[in-house]
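Q: Here it is: the structure, laid out below.
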Amino acid sequence: MTWKQMFTSSVGKKLVMGFTGIFLILFLIVHVGLNACIWAMDNGLMFNKAAHFMGANIVPRILEIGLFAGIILHIVQGYSLELQNRKARSVKYAVDYGNSGSKWYSRSMALLGTLLLLFLIMHIAHFWVPSRITGLNEFEYNGVIYHDLFNEMKVVFTDQQWGLPIVILYVAGCISLAYHLAHGFQSAFKTIGVTNKRYHLMLSSLGYGFSIVVSLAFAMMPISFYLHWV
Ligand code: HEM
């Protein structure tokens, strides 16, 4: 397959979706693991140190550029595939099998992805922009200056006026993530060929488990701040 076919043919587009999807899954594992440090009950010190490592080190910074490129590629190819499928589906089937052929969320990947995109725009504005562009409160610990990202999360999620609506939007974003991953996880591995009939059940169970655990852990973060558990 040529580079051009990779971005223009349906098989090529599916492959790009699969590879970028797996890259984004790896990012989510790192992100949820790092963020779980908020529960260390040390007023955010471990979390701020981990976030500092990610922000100050050259390798994660290069990966961050790859991450944004991966997200954009995943979105562009996703919409392009959806358009292509809609055109192909414009001739209706004689019999509509409704939900018996596939699950609603596997037929709604573009919608779930759009909800995630809206969530991401809000999320990047809340944390990434202050962290990298507009500036955050800082503190010194053992001679090192750290961004107080933990406090920024507290400010965002416990705001008197906007805290509750923001927490609700974050939880809604995590629910969209759960359903997007419930189909996307196994689909990505199947597309790149990492499956066969024998491992099908294992891969789908792993996909469902991953979607639930990761999305639930993310959803508990804004809730924990809002309820002052951290
Ligand atoms: C719901 C709980 C979540 C919390 C509390 C949270 C928190 C954060 C924080 C504090 C940052 C800034 C990191 C830094 O600048 O060093 C960040 C960045 C980011 N988050 Fe989240 N996040 C959550 C969920 C998600 C989800 C579900 C996604 C993806 C679907 C996501 C995608 C991103 C991206 C793409 C970045 C920017 C890349 C980076 O600098 O690491 N986050 N998040």
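Since every read-out is calculated from the coordinates, none of them should be taken as a lab result. The structure presented is a predicted model; accordingly, all values stated were derived computationally and were not measured. FYI the Cβ positions are ideal-geometry reconstructions off the backbone, even for glycines, and counts take in every protein chain you see.
Q: May I ask you to sort CYS174, CYS37 by Cβ crowding, counting other Cβ atoms within 10 Å and putting the fewest first?
A: CYS37, CYS174
Q: Would you list which lysines come within 29 Å of LYS197, measuring only between C-alpha atoms, while excluding same-chain residues fewer than 8 positions from it?
A: Filter leaves LYS13, LYS14, LYS103.
Q: Further question on the same structure: I'd like the FRET efficiency for TRP229 and ALA125, computed as 1/(1 + (r/R0)^6) with the beta carbon distance as r and R0 of 22 Å, rounded to 0.05.
A: Values: r = 25 Å, r/R0 = 1.13.
Working from the Cβ atoms, E equals 0.35.
Q: Rounded to the nearest 500 deg cm²/dmol, what is the calculated helix-only ellipticity per residue at 222 nm for the chain, with -39500 (n - 2.57) per DSSP H run of length n ≥ 4?
A: -23500 deg cm²/dmol
Q: I need THR2, THR191 ordered by Cβ neighbour count within 10 Å, fewest first. If you can, show how the numbers build up before the last one.
A: Numbers: THR2 9, THR191 18.
In order of increasing Cβ crowding within 10 Å: THR2, THR191.
Q: Using the charge dipole of the chain (Lys, Arg: +1 at Cβ; Asp, Glu: -1 at Cβ; taken about the Cα centre), state which of GLN161, PHE53, ALA188 has its Cα farthest towards the positive end.
A: Of the listed residues, the answer is ALA188.
Q: Highest GNM mean-square fluctuation, the chain, Cα pairs closer than 10 Å: which of TYR179, TYR199, TYR79?
A: Maximum among the listed residues: TYR199.
Q: Please enumerate, by chain and number, the lysines with C-alpha under 17 Å from the C-alpha of LYS49, excluding those fewer than 8 residues away in the same chain.
A: Within the straight-line limit of under 17 Å, LYS49 reaches these lysines: LYS154.
Q: May I pose another question? Return one number: the angle in degrees, 0 to 90 and rounded to the nearest 10, between the long axis of the Cα atoms of helix 58-88 and the longest principal axis of the Cα atoms of the chain.
A: 30 degrees
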